[in-house]
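These notes are about the structure you will find just below.
The values are calculated or read from the model by the stated rules, or taken from the named source; none is laboratory data. This is a predicted model, so every value here is computed, not measured. As a convention, Cβ positions derive from the backbone with ideal geometry for all residues, glycine included, and neighbour counts pool all protein chains shown.
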Amino acid sequence: MTSFVKSLTFDCADPLRVAAFWAAALGSDVDEDSTPERAWVEPAGWGGPSLWFQRVPEPKTAKNRQHLDLRAIGPLAEERDRLVGLGATVLTEHEDLVVLQDPEGNELCLET
């Protein structure tokens, strides 16, 4: 018997705000049953785990030990700019990789 990844969980101060960012970034929607305490984003397209966002009282204090890697479907610069428009901030840029943070500081990588 084996297990599978059901969801990836983000601790955050504002679950609806962070869920809205990730839903827009991934071409999905925030689940209609989401609340200010917890929110869900179902995978779009070909599937994958759900993203779960839960309110916690403490702030983020250090670099994430894990993060999501996104692959740009089109030009890297265009996708970087789209994510920044959704609320991400750029940390570093390399030739074929951009390291960003979501609206609450969770790191993510964008690759070609």
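Structure data summary
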| read-out | value |
| --- | --- |
| Among (1) more than 23 Å from L51 (Cα to Cα); (2) modelled with pLDDT under 95, the one test that T112 misses | (1) |
| Members of the range 9-53 found to be among the aromatic types (F, W, Y) and either more than 18 Å from D69 (Cα to Cα) or under 11 Å from the mean Cα position of the chain (by Cα) (or both), listed by number | F10, F21, W22, W40, W52, F53 |
| Pairs with Cβ under 8 Å, 6+ apart, first in the range 57-77 and more than 17 Å from L8 (Cβ to Cβ), second assigned to a helix (DSSP H, G or I) | A72/E78; A72/E79; A72/R80; I73/E79 |
| Residue in the range 99-109 that is in a loop (DSSP other than H, G, I, E, B) and in contact with a His (Cβ under 9 Å, 6 or more places away or on another chain) present | yes |
